[in-house]
Amino acid sequence: AMVLYAWARHYRTFGLGSVLTRAGLADLTAVSSSCIDTVASLYDAVAPARFFVPGWEARPAVQAANRENRPGNFPTSAPILVVQGTADEVVPFGLTTRFISGQLCRSQYDTVDYAAEQGVGHSQVLDQSTGLINRWLEARFADTSSIDSCARPGLGIGATHRVSHPAAHSDGRS
């Protein structure tokens, strides 16, 4: 719902009434002005059909916005922090690792600091990683260069939480 709200506001190619039910529209104030934990509490225990109209994801404007915002389409100019729980039941750890290794590191040459939280699931990773995320952000604002996990797997701000992954660049850079 947060993504749909942002896309509808930014692209203006579809109205939220075309993708959200009355119940979904009623919760827009929380979606547009609350932190993710508040929004998640609205949606976690409720069937998606309560908030989303049938077939919302097939609408051409939604598909176009999704393609435009799919990670890995374009190189980024800023360093990226990815924090992933190894026990994530929603976004599998291996899927994230393969995406970072194959797309962000090899194809795009992004600067990625990849931290894996051992044994942490999807809904706990943000709480477990708050200190790590804050240190990473503070380092960026202090203009400290980011250690690139693509070039040097296992290093970086999340080194104590990190697991190794095969992310050496195919072009030989280090």
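The values are calculated or read from the model by the stated rules, or taken from the named source; none is laboratory data. Bear in mind that the values here come from a model prediction, so they are computed numbers and not experimental data. FYI the Cβ positions are ideal-geometry reconstructions off the backbone, even for glycines, and counts take in every protein chain you see. Quick note on the areas: whole protein, heavy atoms, side chains included, nothing else; ligands and nucleic acids left out. Shrake-Rupley method; radii C 1.70, N 1.55, O 1.52, S 1.80 Å.
For the stretch 4-36, a tally of residues being open to solvent by 50 Å² or more (accessible area, probe 1.4 Å), outside any loop (DSSP other than H, G, I, E, B) and at pLDDT below 85 returns 4.
Collect the residues in the stretch 38-77 that are touching a residue at least 60 places away in the same chain (Cβ under 8 Å) and touching a helix residue (DSSP H, G or I) at 6+ places or on another chain (Cβ under 8 Å), keeping them in residue-number order. Correct list: Asn69 only. Of the residues in the stretch 37-44, at least one is at pLDDT below 80 and of a type in the set (S, T, N, Q). Tell me which residues, restricted to the stretch 78-114, are without any contact (Cβ under 8 Å) to a residue 40 or more places away in the chain, under 30 Å from Phe14 (Cβ atoms), assigned to a helix (DSSP H, G or I) and hydrophobic (A, V, I, L, M, F, W, C). The answer is Leu95, Phe99.
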